[in-house]
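Read the structure below first, then the notes.
The values are calculated or read from the model by the stated rules, or taken from the named source; none is laboratory data. Quick caveat, the model's predicted, so the values are computed rather than measured. Here Cβ is always computed from backbone atoms with ideal geometry, including for glycine, and neighbour counts include all displayed protein chains.
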Amino acid sequence: MRINEIFYSLQGEGRFTGHPAVFIRLSGCNLTCPFCDTSHQEGREMTAEEILEEIKGYPSRHVVITGGEPGLQLTGEFVDRLHEEGYFVQVETNGTTEIPLNVDWITCSPKTHDVIPARVDEIKLLFMNDGHDESRARHYEAIPATCRSLQPCDHSIAEPAPASCRRRNAATLTACIEFIKAHPSWTLSLQTHKLLDIR
């Protein structure tokens with residue numbers, strides 16, 4: 001597999017916010033999103049055994065496989081090897097590719113209306129504050145999931161001017177909170193790793 005980076009931190013988003021986890025970021029994605037805050041194109045080829053050797057020094061047995069889009073490379077065989085070593089395997093996907101069914105937890109952060117994985121445990125939807133959030137939320141409420149959260153979009157990628165960006169982010173957060181209060185099947189997901197200034 002082509003690996004962009006491996007690092008150890010706290011999960012910053014979604015259902016497992018605050019949990020210590022080993023992050024395995026795979027290179028490459030099949031989408032180009034203007035708000036993407038991840039540099040994932042670079043990478044090095046690593047075998048399953050090389051990856052396991054690198055992660056075994058970290059104390060957490062929670063692995064988050066992310067990207068880019070991990071579904072472009074991830075195999076059920078690699079997930080089996082992680083399970084053999086006692087890892088709980090979470091995958092973060094944009095929903096456009098199949099994900100091996102032996103993954104323990106699938107977090108889908110959809111960017112298109114089509115969600116392909118046969119199973120989704122968590123829907124983590126960006127709240128854009130663009131007038132279309134309600135229709136997007138309605139669409140993804142039809143997909144069975146254990147939990148679903150809205151994450152206010154961080155507009156700092158597309159809007160580099162600090163003052164205007166802060167105002168837009170504040171307005172998006174306020175609108176997201178009000179939306180969730182009116183639609184209690186959703187919960188709030190914040191990018192706490194950014195708030196804490198950690199990886």
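Here are the numbers for the structure shown:
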{"read-out": "Filter result for Glu5 (among the charged types (D, E, K, R) and in contact with a Leu (Cβ under 8 Å, 6 or more places away or on another chain))", "value": "no"}
{"read-out": "Residue tally, condition among the acidic types (Asp, Glu) and free of Cβ contacts under 8 Å to residues at least 40 places away in the same chain, over region 39-76", "value": "4"}
{"read-out": "Complete set of residues in region 106-120 that are in contact (Cβ under 8 Å) with a residue 60 or more places away in the chain and surrounded by 14 or more Cβ atoms within 10 Å (Cβ to Cβ)", "value": "Thr107, Lys111"}
{"read-out": "Lone qualifier among Leu190, Leu196 - being touching a residue at least 40 places away in the same chain (Cβ under 8 Å) and more than 14 Å from the chain's Cα centre (by Cα)", "value": "Leu196"}
{"read-out": "Any pair with Cβ under 9 angstrom, 6 or more apart, that starts in region 125-146 at a residue that is farther than 13 Å from Thr187 by Cα and hydroxyl-bearing (Ser, Thr, Tyr) and ends at one that is modelled with pLDDT of 95 or more and outside any helix (DSSP H, G or I)", "value": "Tyr140/Cys108; Tyr140/Ile123; Tyr140/Leu125; Tyr140/Arg148"}
{"read-out": "Among residues of region 52-68, those that are at pLDDT 95 or above and either among the polar types (S, T, N, Q) or touching a Leu at 6+ places or on another chain (Cβ under 9 Å) (or both), counted", "value": "6"}
{"read-out": "Odd one out for Gln41, checked against (1) over 18 Å from Cys108 (Cα atoms); (2) modelled with pLDDT of 95 or more; (3) of a type outside the set (A, V, I, L, M)", "value": "(2)"}
{"read-out": "Region 175-199, subset part of a loop (DSSP other than H, G, I, E, B) and polar (S, T, N, Q), residue surrounded by the most Cβ atoms within 10 Å (Cβ to Cβ)", "value": "Ser189"}
{"read-out": "Candidates Val103, Val79, filtered to the one that is over 24 Å from Glu141 (Cα atoms) and buried (at least 20 other Cβ atoms within 10 Å of the Cβ)", "value": "Val79"}
{"read-out": "Given (1) in a strand (DSSP E or B); (2) closer than 19 Å to Gln191 by Cβ, index of the condition Gly12 fails", "value": "(1)"}
{"read-out": "Qualifying position, being among the aliphatic types (A, V, I, L, M), more than 15 Å from Ile65 (Cα to Cα) and in contact with a strand residue (DSSP E or B) (Cβ under 9 Å, 6 or more places away or on another chain), among Ala175, Ala182, Ala170, Ala142", "value": "Ala175"}
{"read-out": "Unmet criterion (only one of (1) surrounded by 15 or more Cβ atoms within 10 Å (Cβ to Cβ); (2) assigned to a helix (DSSP H, G or I)) for Gln90", "value": "(2)"}
{"read-out": "Every residue from region 133-174 that is over 14 Å from Ser109 (Cα atoms), of a type in the set (A, V, I, L, M) and either surrounded by fewer than 16 Cβ atoms within 10 Å (Cβ to Cβ) or modelled with pLDDT under 90 (or both)", "value": "Ala142, Ile157, Ala158, Ala161, Ala163, Ala170, Ala171"}
